[in-house]
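**Q** Dropping a structure here in structure tokens format, bear with me for questions.
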Amino acid sequence: MKYLLPFILLLFSYNVVAQTSEKKQVTIKGTILEEGTNYPLEYSTVSFINRDGKTVTGGITDLDGNYKIDVPVGVYTVRFEFISYKTKELKNQNFIKNTTLPTIKLDLDAASLDEVVVRAETTEVQIRLDKKIYNIGKDLTAGGASVSDALNNVPSVTVDVDGAIALRGNENVRILINGKPSAIAGFGSTDALRQLPAEAIERVEVITSPSARYDAEGTAGILNIILKKEKTLGVNGSISTTIGVPTNSNASGNINIRTNKFNIFNTTGVYYRKAPGKAHFDNNYFSRNFIDSDGNPVTVEPTFDQVIERRDYDRMGKGFNTNLGIEYFINDKSSITASGFYRKGTGDDVTTNNTFNRNNNETEESIRRIEYEGEDDSNYQFSLNYVNNFNDNGHKLTADFQYDYGKDDENSLITENRLFPEFITLPSENILQKRTDREYLAQADYVLPIGENAQFEAGYRGSFEETITDYTLLQEDGISGVYQRNDSLSNIFNYEENVHAFYTQYGNKFGKFSFLLGLRLENTQLKGSVDAENVDTNSPINLNFDKDYTGLFPTVNLTYELGDRENITLGYNRRINRPRHWFINPFPSRSSEANVFQGNPNLDPAYSSAFDLGYLKSWKKLTLSSSIYYQHETDSFERVQEETGETTSNGIPIIRTLPINLSTNKRYGFEAGLLYNPNKWLTLNGSFNYFMFKSEGFFNGVDYGTEDVSYFGRFSSKVKLPAKIEWQTNAFYRGPRNNSQTESDGILSVDMAISKDIINDNGTLSLNVSDLLNTRKRNSLTTTSSFTSESEFQWRARQVNLTFTYRFNQKKQRQRPNGGSGGGYDEGGFEG
């Protein structure tokens, strides 16, 4: 009996401890990243399964791939899942205290390939719930190319021969750099993207249904370009050089130095290239009938019934760009990053335009017009970013400041000679244009997780932009060599755009259903003032304007998981298209003596409402993404061509291109993309986009409404050959398209590249051909009541490039199962 009482007390104490242990909970936290790239996998699922196979609890990761979940003490299998990625498990984990699990990296669920092959072949296009991510570095055809060239291979994106970028056939796409508007993208112009090497870009995010945290600008959606910045420990980087025909030589390098307290990164490049091109115009003019001031019908016959123009472009450009930044980790919760970007470029272009003025199929006059254009432009940008993670479950505050400055000086000398019927030297022109851009941006974002699945966000962004364009036209007095200023066209145009934006959004998940609801308030102020004189009255021209408008922009994004690798999404957002300064500047600029472009100061913003219904299904070797979309835009922009009533010195009617607001524009579309990995040596990737559009509206009594359908598709194949050789072929076709005045033919282009790894796989030698068939040309026909214009334009001829890339320490660190450490912010996570 003397042992019985202690034994009973021992059993009682054990039972109390056991019951207490069952009730006690511990906190388990960690991070989930994508294999190879180390990008955070937001909204990944973490499940805790007991020995009976029952899921006890679980949660999802935040935007940085972090999770923090309270779990009852016990032994579990921890399962990590993300749609279209391979599931991983940690078995027999005994949790008796707060634990930080090792960083988990999930790989795409493709064929059973080794790590390097998977990263090189299957992640060129990544499908996420809210966006598509295209990794520039995986595209062999991008070697030695510009960012603009590389964008032309991105799904849903097209870049025409003029460099205009469109998303799903709509050119009103917002281009961001690291989540922000930037001087790197040329303040809204796409010209700067033709000067940046593709090697400077890490990835491109295609966002067709942006949430409220993004700027409401861009009715088509957003392209977010992320610059290279490694986050792995130590020193790593790469260098790349290219030579090409026609002349294309460039060199670029990036380096990253990472310690526990600092991360220093730099990408620098230089280039020198020539881009020969050509164009052909066949303009036919008809009799013009109108009523004069006395009410009498008048018929005016054209001086020439046909004008043929043949243009040859000889372009030369060279430049330098660098991006330098340093990230300082204040502690394990916060960091501050300072970065600077500088770009300088010069160009010397010669455009030779041979014009043949004809009547009744006979040439009566031929003129040669040569334009010598010199350009000197530079941009620099400075930015600061601060991030404070209050805890490990996503509660954080970020603050950003950015300053951009750009300067572009152009000098064009235009000479003209009549060659037939007799040689005569005609007066020449000299056009001087200086443009400066300044932009300030300030932003703060706050994220508050609520429970396991809910999250609240709020923020502010202010952007303040000023553009000054100084345009001077000097015309020669006869052929004396003395130039006089044309005061009726010379002007200084000052433009300001100030935008204040506040947003809030809330997201939650219930079982297989999740939603994200947001509302953005934007106030925009547009100011314009013109400093010019009227040559006739010598009095100031009053073309100033000051517009102020406020809009609400709601967003809705819904997701329902049909299975582990299958879901449907529904998105709605309202967006705005603000006119850029060159669309508003009321003074004309001349591409030729008979063709002028004139801005419209009465242009109002366009607004759109867009719906997107998406479906995603992933099998072991195949991933399908598809969507049906609809967009309704009011006061949409349209460029129209009309006669000015004026003629050149030799009687050719001067045609003006003018942007106007049409009443409505409706767009319906369907797109689908396939990523197929039948085996470890072959990757196939294809996409197709079909859309219909209808516009309605009148201008100056003319109906500019139109209705048409168009489509574009692309196909890419990558083959892994023996001896570490890879071969890639890209094909793109854009179908015919029409608007109210112009019919454009389809365009086919094919790119091809072959590469081989050398120097113990640290180096890669690649040969690529852009526009293999030399068919990337725009053919169009414009028809009005008084003229027709048939044209063919080729921006650049077929290009052949040989590129060598050498990597140091990058391959080894990218293959490490747990490479890199936490604490830093991902530039792609900053969303404006």
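**Q** Just need the relative contact order of the range 21-106 here, percent rounded to a whole number, with Cα pairs under 8 Å and 6+ apart.
**A** 38
**Q** A follow-up question, please. How big, on average over all directions, is the shadow cast by the Cα convex hull of the range 725-782, in nm²?
**A** 4.8
**Q** Any of Lys54/Lys88; Lys132/Lys620; Lys68/Lys396; Lys333/Lys512; Lys278/Lys318; Lys396/Lys509 with alpha carbons more than 25 Å apart? Name them for me.
**A** Flagged as over cut-off: Lys333/Lys512.
**Q** Please report, in debye to the nearest 20, how large the charge dipole of the range 234-829 is about its Cα centre when each Lys and Arg carries +1 at its beta carbon and each Asp and Glu carries -1 there.
**A** About 4040 debye.
**Q** Here is a follow-up. Between Asp52 and Asn388, what's the calculated FRET efficiency when r is the beta-carbon distance and R0 is 30 Å? Round to 0.05.
**A** Step by step, r from the Cβ atoms, then E = 0.10.
**Q** Sort 476-482, 46-52, 610-616 by packing, meaning the average of other beta carbons within 10 Å per residue, with the highest value first.
**A** 610-616, 46-52, 476-482
**Q** Once you have the Cα-Cα distance between Asn486 and Val75, take 0.36 nm times their residue separation minus that, and quote the gain in nm to one decimal.
**A** Here the answer is 139.5 nm.
**Q** May I ask you to list the lysines whose Cα is less than 23 Å away from that of Lys724, ignoring any residue fewer than eight positions away on the same chain?
**A** Partners within reach: Lys138, Lys621, Lys680, Lys756, Lys811, Lys812.
**Q** Follow-up question, since we're still on this one. Regarding the range 21-106, what whole-number volume in Å³ per residue does the convex hull of its Cα atoms give?
**A** Spread over its residues, the Cα hull of the range 21-106 gives 83 Å³ apiece.
**Q** Okay, next question. Hey, with R₀ at 41 Å, roughly what FRET efficiency would Ile725 and Met692 work out to, going by the Cβ-Cβ distance, to 0.05?
**A** 0.40
**Q** Fewest first, what order do Lys24, Lys777, Lys97 take by the number of other Cβ atoms within 10 Å?
**A** By the 10 Å Cβ count, ascending: Lys97, Lys24, Lys777.
**Q** Then there is this: With viscosity set to 1.002 mPa s at 20 °C, what whole-number translational diffusion coefficient in µm²/s follows for the range 263-413 from Stokes-Einstein and a Kirkwood radius over Cα pairs?
**A** Stokes-Einstein gives a translational diffusion coefficient of 101 µm²/s.
**Q** Then there is this: Where the Cα atoms of the range 234-829 are projected onto their three principal axes, how long is each span, largest first, in whole Å?
**A** 80, 57, 44
**Q** Let me ask you something else. Let me check against my output: what whole-number percent is the relative contact order of the range 234-829, with C-alpha pairs under 8 Å and at least 6 apart?
**A** 10
**Q** What are the ³J(HN,Hα) values, in whole Hz, obtained from phi via the Karplus relation 6.51 cos²θ - 1.76 cosθ + 1.60 with θ = phi - 60°, for each residue of the range 240-247 in sequence order, with x given for Gly and Pro?
**A** Along the range 240-247, the couplings run 9, 10, 9, 10, x, 10, x, 3 Hz.
**Q** Is the shape of the range 617-676 best called rounded, prolate or oblate, per the rule: a/c under 1.5 gives rounded, else a/b larger than b/c gives prolate, else oblate, with a ≥ b ≥ c the square roots of the Cα gyration tensor eigenvalues?
**A** It is oblate, given that a/c is not under 1.5 and a/b is not larger than b/c.
**Q** Among all the lysines, which ones have a C-alpha under 26 Å from Lys527's C-alpha, if same-chain residues fewer than 8 places away are not counted?
**A** Lys527 reaches Lys180, Lys407, Lys434, Lys547.
Just so you know, all these numbers are worked out from the coordinates, no wet-lab data involved. Please read these numbers as outputs of a predicted model, since none were measured by experiment. Cβ: placed from backbone, ideal geometry, glycine included. Neighbour counts: every protein chain shown.
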